[in-house]
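The next block holds one structure in the form of structure tokens; read it before the comments.
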Amino acid sequence: MDTQNTKAKLLLNHATTLNLHTGNLVNRSRLKKKCPSSPSEELQDCIRATLSEWSTTTASTAGKELPSTLDCCIAQATDEITPEEREELKVSVKVFLSGSDCSSIRNAVDLACLSLGVSQLDSVIIAPPPLPEGETLTLEHLQPLWTELESLVQSLKIAAIGTSDLDKSLLEQLYNWAQVKPSSNQVNLASCCVMPPDLTAFAKEFDIQLLTHNDPKELISSTSFQEAVQESTQDQQVADWSLEWVLRYSVIVKSRGIIKSKGYLVQAKRRNL
């Protein structure tokens with residue numbers, strides 16, 4: 001066990017980019033038995049479980065190379081979509097950004113396509129990075145993110161794009177400015193128990209689907225991520241890791257409305273090297 005953890009720590013300490021894929025949570029019995037109280041708790045549990053399993057299996061059998069980009073995933077837990085079944089499935093994702101680097105969106109989408117074995121995602125919802133205390137989300141914050149999403153639609157990587165937690169005023173501003181219009185807007189029912197009538201009316205007029213969610217403003221903080229890494233790998237040098245983005249995906253069988261697979265992809269980068 002010590003040797004396995006030593007190898008995992010060595011790999012982690014050498015890497016500058018960490019890509020973590022939880023695999024299909026529908027099939028991971030160890031995680032299915034737990035009922036997380038929140039999306040944040042679920043993600044932390046998934047990171048711990050994936051890194052723990054990776055440390056004791058994949059990491060210990062890795063070769064002598066010390067790659068700068070470390071892919072932590074459990075091969076048997078990953079379900080790629082076959083070309084034969086692609087038409088029957090809807091692949092939806094939500095990207096939670098930690099910073100304002102727009103290239104994170106493309107990185108997340110590319111990694112999701114690669115991990116799931118698809119060339120296009122059916123729907124991508126963007127959750128902008130948390131703002132400093134006292135700052136309010138504006139169209140100026142959204143424009144560079146949306147421009148990146150639009151380019152991914154134009155290059156056929158994404159079919160439809162949506163927003164999260166925009167009120168009627170901001171959704172209208174984005175709709176009027178955008179070349180590719182938002183197809184959906186998620187509303188957090190913790191902040192409003194009933195859909196605001198002005199938002200409902202606007203969405204109906206312009207054919208924007210209103211969805212509900214219970215995600216916090218920040219799905220996981222860098223500190224919580226570092227704690228999860230430390231607990232699962234006993235690595236003490238976790239303070240250098242900075243979370244770039246989290247992507248949550250679900251693959252639904254269209255005809256039956258059932259979830260075939262769901263999971264998380266996470267990317268972190270090492271700072272201060």
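Tabulated data
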quantity: Filtered residues of the range 162-198 (kept if farther than 28 Å from C113 by Cβ and assigned to a loop (DSSP other than H, G, I, E, B)); calculated: D167, L189, A190, S191, C192, C193, V194, M195, P196
quantity: Any hit, the range 257-266, residues being modelled with pLDDT under 95, more than 25 Å from E84 (Cβ to Cβ), over 12 Å from the mean Cα position of the chain (by Cα) and outside any loop (DSSP other than H, G, I, E, B); calculated: no
quantity: Test: D198 is surrounded by fewer than 19 Cβ atoms within 10 Å (Cβ to Cβ), among the acidic types (D, E) and either in contact with a strand residue (DSSP E or B) (Cβ under 8 Å, 6 or more places away or on another chain) or on the phi < 0 side of the Ramachandran plot (or both); calculated: yes
quantity: Some residue of the range 119-126 being over 18 Å from L43 (Cα atoms), in a loop (DSSP other than H, G, I, E, B) and modelled with pLDDT of 95 or more; calculated: yes
quantity: Some residue of the range 204-223 being part of a helix (DSSP H, G or I), open to solvent by 20 Å² or more (accessible area, probe 1.4 Å) and within 29 Å of T22 (Cα to Cα); calculated: yes
quantity: Test for A159: is it part of a helix (DSSP H, G or I) and of a type in the set (G, A, S); calculated: no
quantity: Unique match (being modelled with pLDDT of 90 or more and more than 27 Å from T212 (Cα to Cα)) among E150, E88, E84; calculated: E84
quantity: Hits in the range 229-256 (condition: in a loop (DSSP other than H, G, I, E, B), at pLDDT 85 or above and open to solvent by less than 10 Å² (accessible area, probe 1.4 Å)); calculated: none
quantity: Close pairs from the range 126-143: first in contact (Cβ under 8 Å) with a residue 40 or more places away in the chain, partner among the charged types (D, E, K, R), Cβ under 6 Å, at least 6 apart; calculated: P130/K217; P130/E218
quantity: Checklist (1) at pLDDT below 85; (2) within 23 Å of G117 (Cα to Cα); (3) out of contact with any Ser or Thr (no Cβ under 8 Å at 6 or more places or on another chain) applied to A75, failing item; calculated: (3)
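The values are calculated or read from the model by the stated rules, or taken from the named source; none is laboratory data. Every value quoted in this text rests on a predicted model; they were computed, and no experiment measured them. Cβ atoms come from the backbone with ideal geometry, glycine included; neighbour counts cover every protein chain shown. Surface accessibility is based on the protein's heavy atoms, side chains included, excluding ligands, DNA and RNA. Shrake-Rupley method; radii C 1.70, N 1.55, O 1.52, S 1.80 Å.
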